[in-house]
Amino acid sequence: MVICLGIESTAHTFSVGILKNKEILADARKTFTTLTGGMIPIEVQKHHYECKDEVLVQALEQSKINLEEIDFIAYSASPGLATSLKVGCEFAKELSEKWNKPLVAVNHIIGHLEEGKFFTEAKDPVFVFVSGANTQIIAHEGGKYRVFGEALSIAVGNLFDKFARELDIGFPGGPRIEQLALNGSYVQLPYVVKGMDVEFSGILTKCKQLYKKGISKENLCFSLQETAYSMLVEVTERALAHCNKNEVLVIGGVAASKRFCSMLEIMCKERDAKFYACPMKYSGDNGIQIAIAGMKMFKVKQGLVSNLVADFDPSLRVDKIETKWI
Ligand code: ATP
(Lines give C-alpha, C1' and ligand atoms only; values in the text may rest on other atoms or scores of the structure.)
Protein backbone atom coordinates (compact mmCIF):
# COMPACT_ATOMS: atom_id res chain seq x y z
CA MET A 1 0.00 0.00 0.00
CA VAL A 2 1.37 3.40 -1.01
CA ILE A 3 -0.16 6.75 -0.06
CA CYS A 4 0.72 9.87 -2.02
CA LEU A 5 -0.17 13.49 -1.28
CA GLY A 6 -0.29 15.49 -4.53
CA ILE A 7 -0.03 19.28 -4.66
CA GLU A 8 -1.19 21.20 -7.72
CA SER A 9 -0.30 24.86 -8.12
CA THR A 10 0.56 25.69 -11.73
CA ALA A 11 -2.09 28.31 -12.48
CA HIS A 12 -5.38 29.46 -10.91
CA THR A 13 -6.03 26.39 -8.74
CA PHE A 14 -4.39 25.38 -5.49
CA SER A 15 -5.24 21.79 -4.76
CA VAL A 16 -4.24 18.87 -2.57
CA GLY A 17 -5.22 15.32 -3.52
CA ILE A 18 -4.51 12.15 -1.57
CA LEU A 19 -4.30 8.81 -3.32
CA LYS A 20 -3.97 5.38 -1.69
CA ASN A 21 -2.86 3.03 -4.47
CA LYS A 22 -5.77 3.64 -6.90
CA GLU A 23 -8.25 4.89 -4.33
CA ILE A 24 -8.95 8.62 -4.04
CA LEU A 25 -8.97 9.53 -0.37
CA ALA A 26 -9.19 13.30 -0.77
CA ASP A 27 -9.57 15.98 -3.40
CA ALA A 28 -9.52 19.51 -1.97
CA ARG A 29 -9.25 22.57 -4.22
CA LYS A 30 -9.55 26.33 -4.19
CA THR A 31 -9.67 28.17 -7.50
CA PHE A 32 -9.03 31.84 -8.11
CA THR A 33 -11.94 33.43 -9.96
CA THR A 34 -12.99 36.98 -10.71
CA LEU A 35 -16.15 38.51 -12.11
CA THR A 36 -14.29 41.17 -14.06
CA GLY A 37 -10.78 41.42 -15.44
CA GLY A 38 -8.68 38.28 -15.85
CA MET A 39 -6.08 36.20 -14.09
CA ILE A 40 -3.47 38.57 -12.65
CA PRO A 41 -0.46 36.42 -11.59
CA ILE A 42 0.33 38.30 -8.41
CA GLU A 43 -3.30 38.17 -7.26
CA VAL A 44 -3.42 34.44 -7.98
CA GLN A 45 -0.23 33.97 -5.97
CA LYS A 46 -1.76 35.82 -3.04
CA HIS A 47 -4.84 33.61 -3.31
CA HIS A 48 -2.66 30.46 -3.18
CA TYR A 49 -0.62 31.67 -0.21
CA GLU A 50 -3.81 32.49 1.66
CA CYS A 51 -5.58 29.18 1.03
CA LYS A 52 -2.80 26.56 1.00
CA ASP A 53 -3.04 25.56 4.68
CA GLU A 54 -6.81 25.44 4.59
CA VAL A 55 -6.75 23.24 1.47
CA LEU A 56 -4.30 20.84 3.13
CA VAL A 57 -6.44 20.62 6.27
CA GLN A 58 -9.52 19.94 4.12
CA ALA A 59 -7.71 17.15 2.27
CA LEU A 60 -6.50 15.55 5.49
CA GLU A 61 -9.99 15.74 6.97
CA GLN A 62 -11.52 14.13 3.88
CA SER A 63 -8.93 11.34 3.86
CA LYS A 64 -9.13 10.69 7.60
CA ILE A 65 -5.39 10.13 7.68
CA ASN A 66 -2.59 12.26 9.03
CA LEU A 67 0.60 13.42 7.40
CA GLU A 68 2.67 10.74 9.14
CA GLU A 69 0.81 8.04 7.22
CA ILE A 70 1.73 9.51 3.84
CA ASP A 71 4.54 7.74 1.98
CA PHE A 72 5.62 10.61 -0.25
CA ILE A 73 4.65 14.02 -1.58
CA ALA A 74 4.29 14.85 -5.29
CA TYR A 75 4.11 18.45 -6.46
CA SER A 76 3.59 20.15 -9.80
CA ALA A 77 7.04 21.43 -10.71
CA SER A 78 6.39 22.48 -14.33
CA PRO A 79 5.14 24.12 -16.55
CA GLY A 80 2.96 27.05 -15.50
CA LEU A 81 2.94 30.50 -14.01
CA ALA A 82 6.15 31.06 -12.03
CA THR A 83 4.27 32.94 -9.32
CA SER A 84 1.80 30.07 -8.82
CA LEU A 85 4.39 27.28 -9.13
CA LYS A 86 6.48 28.94 -6.43
CA VAL A 87 3.72 28.58 -3.83
CA GLY A 88 3.23 24.85 -4.43
CA CYS A 89 6.96 24.13 -4.59
CA GLU A 90 7.70 25.97 -1.34
CA PHE A 91 4.77 24.26 0.38
CA ALA A 92 5.87 20.79 -0.80
CA LYS A 93 9.43 21.43 0.38
CA GLU A 94 8.22 22.63 3.75
CA LEU A 95 6.02 19.55 4.29
CA SER A 96 8.70 17.19 3.02
CA GLU A 97 11.24 18.61 5.43
CA LYS A 98 8.92 18.79 8.41
CA TRP A 99 7.51 15.28 8.01
CA ASN A 100 10.61 13.71 6.46
CA LYS A 101 8.80 12.50 3.35
CA PRO A 102 10.34 11.90 -0.10
CA LEU A 103 9.48 14.48 -2.74
CA VAL A 104 8.62 13.78 -6.39
CA ALA A 105 8.63 16.62 -8.95
CA VAL A 106 5.85 16.10 -11.49
CA ASN A 107 5.27 17.76 -14.83
CA HIS A 108 1.71 19.08 -14.75
CA ILE A 109 1.00 18.00 -18.35
CA ILE A 110 2.02 14.43 -17.48
CA GLY A 111 -0.44 14.76 -14.59
CA HIS A 112 -3.25 15.59 -17.03
CA LEU A 113 -2.28 12.75 -19.42
CA GLU A 114 -1.98 10.06 -16.77
CA GLU A 115 -5.14 11.25 -15.05
CA GLY A 116 -7.04 10.97 -18.35
CA LYS A 117 -6.00 7.33 -18.66
CA PHE A 118 -6.73 6.69 -14.97
CA PHE A 119 -10.36 7.81 -15.30
CA THR A 120 -11.14 6.24 -18.69
CA GLU A 121 -10.46 2.99 -20.52
CA ALA A 122 -8.12 4.68 -22.99
CA LYS A 123 -4.86 2.75 -23.31
CA ASP A 124 -2.74 4.49 -25.91
CA PRO A 125 -4.73 7.45 -27.22
CA VAL A 126 -4.10 10.61 -29.15
CA PHE A 127 -4.53 13.17 -26.36
CA VAL A 128 -6.28 16.44 -27.12
CA PHE A 129 -4.98 18.60 -24.33
CA VAL A 130 -6.97 21.80 -24.22
CA SER A 131 -6.72 24.11 -21.24
CA GLY A 132 -6.20 27.73 -20.30
CA ALA A 133 -2.46 27.58 -20.83
CA ASN A 134 -2.06 24.68 -23.26
CA THR A 135 -3.34 23.38 -26.54
CA GLN A 136 -1.44 20.32 -27.65
CA ILE A 137 -2.14 17.17 -29.62
CA ILE A 138 0.00 14.54 -27.90
CA ALA A 139 0.67 10.82 -28.36
CA HIS A 140 3.12 8.39 -26.78
CA GLU A 141 5.86 7.32 -29.16
CA GLY A 142 9.42 6.11 -28.57
CA GLY A 143 9.51 6.38 -24.76
CA LYS A 144 8.13 9.89 -24.48
CA TYR A 145 4.90 11.80 -24.82
CA ARG A 146 5.40 13.63 -28.13
CA VAL A 147 3.67 16.80 -29.20
CA PHE A 148 2.31 16.34 -32.73
CA GLY A 149 0.55 19.67 -33.01
CA GLU A 150 -0.03 22.72 -30.88
CA ALA A 151 -1.29 26.28 -30.70
CA LEU A 152 1.39 28.61 -32.01
CA SER A 153 0.52 31.62 -29.89
CA ILE A 154 -2.33 31.53 -27.37
CA ALA A 155 -4.04 28.36 -26.11
CA VAL A 156 -7.72 27.75 -26.85
CA GLY A 157 -8.79 28.29 -23.22
CA ASN A 158 -6.80 31.49 -23.14
CA LEU A 159 -8.51 32.57 -26.37
CA PHE A 160 -11.86 32.19 -24.60
CA ASP A 161 -10.63 33.88 -21.42
CA LYS A 162 -9.17 36.83 -23.36
CA PHE A 163 -12.30 37.33 -25.42
CA ALA A 164 -14.45 37.03 -22.30
CA ARG A 165 -12.36 39.78 -20.78
CA GLU A 166 -13.08 41.93 -23.84
CA LEU A 167 -16.81 41.23 -23.43
CA ASP A 168 -16.49 41.89 -19.69
CA ILE A 169 -18.19 38.64 -18.79
CA GLY A 170 -15.57 37.53 -16.25
CA PHE A 171 -13.18 34.63 -15.76
CA PRO A 172 -13.10 31.77 -16.66
CA GLY A 173 -14.40 32.65 -20.11
CA GLY A 174 -15.03 29.17 -21.58
CA PRO A 175 -18.26 28.29 -19.75
CA ARG A 176 -19.68 31.80 -20.20
CA ILE A 177 -18.88 31.78 -23.91
CA GLU A 178 -20.47 28.33 -24.20
CA GLN A 179 -23.69 29.69 -22.67
CA LEU A 180 -23.83 32.75 -24.94
CA ALA A 181 -23.05 30.59 -27.98
CA LEU A 182 -26.29 28.66 -27.48
CA ASN A 183 -28.19 31.63 -28.92
CA GLY A 184 -25.75 32.63 -31.65
CA SER A 185 -25.31 32.05 -35.35
CA TYR A 186 -22.28 31.95 -37.60
CA VAL A 187 -20.18 34.89 -38.78
CA GLN A 188 -17.00 34.19 -40.70
CA LEU A 189 -13.71 34.19 -38.77
CA PRO A 190 -10.14 33.33 -39.82
CA TYR A 191 -9.50 29.56 -39.85
CA VAL A 192 -5.75 29.10 -39.39
CA VAL A 193 -4.25 25.59 -39.46
CA LYS A 194 -0.57 25.42 -40.38
CA GLY A 195 0.44 21.80 -40.90
CA MET A 196 -0.36 20.22 -37.53
CA ASP A 197 -0.40 23.51 -35.64
CA VAL A 198 -3.21 25.96 -34.98
CA GLU A 199 -3.11 29.72 -34.54
CA PHE A 200 -5.77 31.50 -32.49
CA SER A 201 -4.48 35.04 -32.12
CA GLY A 202 -5.88 36.23 -35.48
CA ILE A 203 -9.34 34.94 -34.51
CA LEU A 204 -9.17 36.88 -31.26
CA THR A 205 -8.22 40.11 -33.05
CA LYS A 206 -11.03 39.62 -35.60
CA CYS A 207 -13.59 38.91 -32.86
CA LYS A 208 -12.57 42.07 -31.01
CA GLN A 209 -12.90 44.11 -34.21
CA LEU A 210 -16.32 42.64 -35.03
CA TYR A 211 -17.52 43.26 -31.48
CA LYS A 212 -16.56 46.93 -31.80
CA LYS A 213 -18.51 47.03 -35.07
CA GLY A 214 -21.63 45.87 -33.24
CA ILE A 215 -21.80 42.12 -33.98
CA SER A 216 -23.61 40.50 -31.07
CA LYS A 217 -21.84 38.69 -28.23
CA GLU A 218 -23.92 35.60 -28.98
CA ASN A 219 -22.95 35.41 -32.66
CA LEU A 220 -19.29 36.00 -31.88
CA CYS A 221 -19.20 33.40 -29.11
CA PHE A 222 -20.88 30.83 -31.34
CA SER A 223 -18.52 31.51 -34.26
CA LEU A 224 -15.46 31.60 -32.04
CA GLN A 225 -16.26 28.15 -30.65
CA GLU A 226 -17.17 26.61 -33.99
CA THR A 227 -14.02 27.88 -35.68
CA ALA A 228 -11.55 27.04 -32.92
CA TYR A 229 -13.02 23.58 -32.34
CA SER A 230 -13.13 22.74 -36.07
CA MET A 231 -9.43 23.58 -36.36
CA LEU A 232 -8.63 21.29 -33.44
CA VAL A 233 -10.77 18.43 -34.75
CA GLU A 234 -8.94 18.67 -38.10
CA VAL A 235 -5.47 18.27 -36.57
CA THR A 236 -6.64 15.56 -34.17
CA GLU A 237 -7.94 13.52 -37.08
CA ARG A 238 -4.63 13.88 -38.86
CA ALA A 239 -2.70 12.85 -35.72
CA LEU A 240 -4.83 9.68 -35.45
CA ALA A 241 -3.93 8.73 -39.00
CA HIS A 242 -0.27 9.66 -38.65
CA CYS A 243 0.28 7.77 -35.36
CA ASN A 244 -1.91 4.89 -36.41
CA LYS A 245 -3.89 5.04 -33.15
CA ASN A 246 -7.57 4.36 -32.65
CA GLU A 247 -8.43 6.26 -29.47
CA VAL A 248 -8.90 9.96 -28.74
CA LEU A 249 -8.83 11.27 -25.19
CA VAL A 250 -9.69 14.90 -24.48
CA ILE A 251 -8.24 16.38 -21.30
CA GLY A 252 -7.81 19.83 -19.73
CA GLY A 253 -10.37 22.43 -18.70
CA VAL A 254 -11.83 22.91 -22.19
CA ALA A 255 -12.81 19.21 -22.17
CA ALA A 256 -15.79 20.49 -20.15
CA SER A 257 -17.18 21.89 -23.42
CA LYS A 258 -20.13 19.80 -24.56
CA ARG A 259 -19.88 21.20 -28.08
CA PHE A 260 -16.20 20.31 -28.47
CA CYS A 261 -16.72 16.78 -27.14
CA SER A 262 -19.60 16.18 -29.51
CA MET A 263 -17.52 17.39 -32.52
CA LEU A 264 -14.64 15.07 -31.57
CA GLU A 265 -17.04 12.19 -31.03
CA ILE A 266 -18.53 12.59 -34.52
CA MET A 267 -15.03 12.57 -36.06
CA CYS A 268 -14.09 9.45 -34.06
CA LYS A 269 -17.24 7.61 -35.14
CA GLU A 270 -16.46 8.35 -38.77
CA ARG A 271 -12.92 6.92 -38.35
CA ASP A 272 -13.96 3.94 -36.24
CA ALA A 273 -11.96 5.27 -33.31
CA LYS A 274 -13.00 5.35 -29.67
CA PHE A 275 -13.64 8.69 -28.01
CA TYR A 276 -12.96 9.35 -24.34
CA ALA A 277 -13.22 12.50 -22.28
CA CYS A 278 -11.69 12.95 -18.87
CA PRO A 279 -14.65 13.28 -16.44
CA MET A 280 -15.60 16.92 -16.03
CA LYS A 281 -14.74 16.87 -12.35
CA TYR A 282 -11.15 15.98 -13.19
CA SER A 283 -10.70 17.85 -16.48
CA GLY A 284 -9.38 20.98 -14.75
CA ASP A 285 -6.34 21.27 -12.52
CA ASN A 286 -6.34 19.21 -9.32
CA GLY A 287 -4.00 17.55 -6.85
CA ILE A 288 -5.21 14.05 -7.73
CA GLN A 289 -3.61 14.30 -11.18
CA ILE A 290 -0.27 15.10 -9.58
CA ALA A 291 -0.67 12.17 -7.17
CA ILE A 292 -1.60 9.79 -10.03
CA ALA A 293 1.49 10.73 -12.07
CA GLY A 294 3.63 10.90 -8.91
CA MET A 295 2.60 7.36 -7.98
CA LYS A 296 3.73 6.00 -11.37
CA MET A 297 7.01 7.91 -11.17
CA PHE A 298 7.70 6.95 -7.56
CA LYS A 299 7.37 3.25 -8.42
CA VAL A 300 10.16 3.53 -11.02
CA LYS A 301 12.15 6.00 -8.88
CA GLN A 302 11.71 8.86 -11.35
CA GLY A 303 11.50 12.52 -10.34
CA LEU A 304 12.72 12.03 -6.77
CA VAL A 305 14.28 15.25 -5.55
CA SER A 306 15.75 16.41 -2.25
CA ASN A 307 13.74 19.09 -0.44
CA LEU A 308 16.93 21.14 -0.25
CA VAL A 309 17.14 21.61 -4.01
CA ALA A 310 13.57 21.02 -5.21
CA ASP A 311 12.65 23.68 -7.72
CA PHE A 312 10.15 24.56 -10.44
CA ASP A 313 10.45 25.28 -14.16
CA PRO A 314 7.70 27.42 -15.74
CA SER A 315 8.49 26.19 -19.26
CA LEU A 316 9.57 22.52 -19.16
CA ARG A 317 7.85 20.79 -22.08
CA VAL A 318 6.26 17.38 -21.76
CA ASP A 319 8.28 15.99 -24.69
CA LYS A 320 11.52 16.50 -22.75
CA ILE A 321 10.55 13.89 -20.17
CA GLU A 322 11.37 10.20 -20.48
CA THR A 323 8.42 8.04 -19.42
CA LYS A 324 10.16 5.20 -17.61
CA TRP A 325 6.86 4.00 -16.14
CA ILE A 326 5.27 3.20 -19.54
P1 ATP B 1 -3.18 24.19 -17.53
O2 ATP B 1 -4.00 23.05 -17.01
O3 ATP B 1 -2.63 23.90 -18.87
O4 ATP B 1 -2.15 24.67 -16.55
P5 ATP B 1 -5.19 26.02 -16.81
O6 ATP B 1 -4.88 25.64 -15.44
O7 ATP B 1 -5.39 27.44 -17.10
O8 ATP B 1 -4.11 25.44 -17.76
P9 ATP B 1 -7.57 24.32 -16.79
O10 ATP B 1 -7.98 24.50 -15.38
O11 ATP B 1 -7.24 22.94 -17.23
O12 ATP B 1 -6.46 25.29 -17.32
O13 ATP B 1 -8.74 24.89 -17.69
C14 ATP B 1 -9.21 26.20 -17.58
C15 ATP B 1 -9.68 26.63 -18.95
O16 ATP B 1 -10.81 25.85 -19.37
C17 ATP B 1 -10.09 28.09 -18.97
O18 ATP B 1 -9.45 28.72 -20.05
C19 ATP B 1 -11.61 28.01 -19.18
O20 ATP B 1 -12.10 29.11 -19.89
C21 ATP B 1 -11.75 26.72 -19.96
N22 ATP B 1 -13.09 26.13 -19.83
C23 ATP B 1 -13.70 25.72 -18.70
N24 ATP B 1 -14.96 25.27 -18.96
C25 ATP B 1 -15.14 25.40 -20.30
C26 ATP B 1 -16.21 25.14 -21.21
N27 ATP B 1 -17.37 24.66 -20.78
N28 ATP B 1 -16.02 25.43 -22.51
C29 ATP B 1 -14.86 25.92 -22.95
N30 ATP B 1 -13.81 26.19 -22.16
C31 ATP B 1 -13.93 25.93 -20.86
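The values are calculated or read from the model by the stated rules, or taken from the named source; none is laboratory data. A quick note: this is a predicted structure, and the numbers were derived from the prediction, not measured. All Cβ positions, glycine included, derive from the backbone under ideal geometry; neighbour counts span all protein chains shown. All accessible areas refer to the heavy atoms of the entire protein, side chains included, with ligands and DNA or RNA removed. Shrake-Rupley method; radii C 1.70, N 1.55, O 1.52, S 1.80 Å.
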Test result for residue 155, within 30 Å of residue 209 (Cα to Cα) and either at pLDDT 95 or above or under 16 Å from the mean Cα position of the chain (by Cα) (or both): yes
Residue list for the range 270-322, restricted to those being at pLDDT 95 or above, assigned to a loop (DSSP other than H, G, I, E, B) and of a type in the set (Val, Ile, Thr): 300, 321
Qualifying residue in the range 39-47 (condition: open to solvent by less than 30 Å² (accessible area, probe 1.4 Å) and in contact with a strand residue (DSSP E or B) (Cβ under 8 Å, 6 or more places away or on another chain)): no
Residue selected from the range 77-88 under the condition out of contact with any His (no Cβ under 7 Å at 6 or more places or on another chain) and more than 13 Å from residue 316 (Cβ to Cβ), by the criterion least open to solvent (accessible area, probe 1.4 Å): 88
Of all residues making up the range 256-269, the number that are part of a helix (DSSP H, G or I), under 15 Å from residue 231 (Cβ atoms) and in contact with an Asp or Glu (Cβ under 8 Å, 6 or more places away or on another chain): 2
Selection count, the range 211-255, where residues are farther than 15 Å from residue 159 by Cα, within 15 Å of the ligand (Cβ to nearest atom) and outside any helix (DSSP H, G or I): 3
Some residue of the range 250-269 being at pLDDT below 95 and on the phi > 0 side of the Ramachandran plot: yes
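Would it be correct to say that residue 166 is open to solvent by 40 Å² or more (accessible area, probe 1.4 Å), in contact with a Lys or Arg (Cβ under 7 Å, 6 or more places away or on another chain) and more than 12 Å from the ligand (Cβ to nearest atom)?
Spelling it out, residue 166 is indeed open to solvent by 40 Å² or more (accessible area, probe 1.4 Å), in contact with a Lys or Arg (Cβ under 7 Å, 6 or more places away or on another chain) and more than 12 Å from the ligand (Cβ to nearest atom).
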Residues satisfying the stated conditions in the range 60-76, i.e. open to solvent by less than 10 Å² (accessible area, probe 1.4 Å) and over 21 Å from the mean Cα position of the chain (by Cα): 70, 72
Failed item in (1) more than 24 Å from residue 317 (Cα to Cα); (2) away from the ligand (no atom under 12 Å from the Cβ); (3) out of contact with any Lys or Arg (no Cβ under 8 Å at 6 or more places or on another chain), with residue 146 passing the rest: (1)
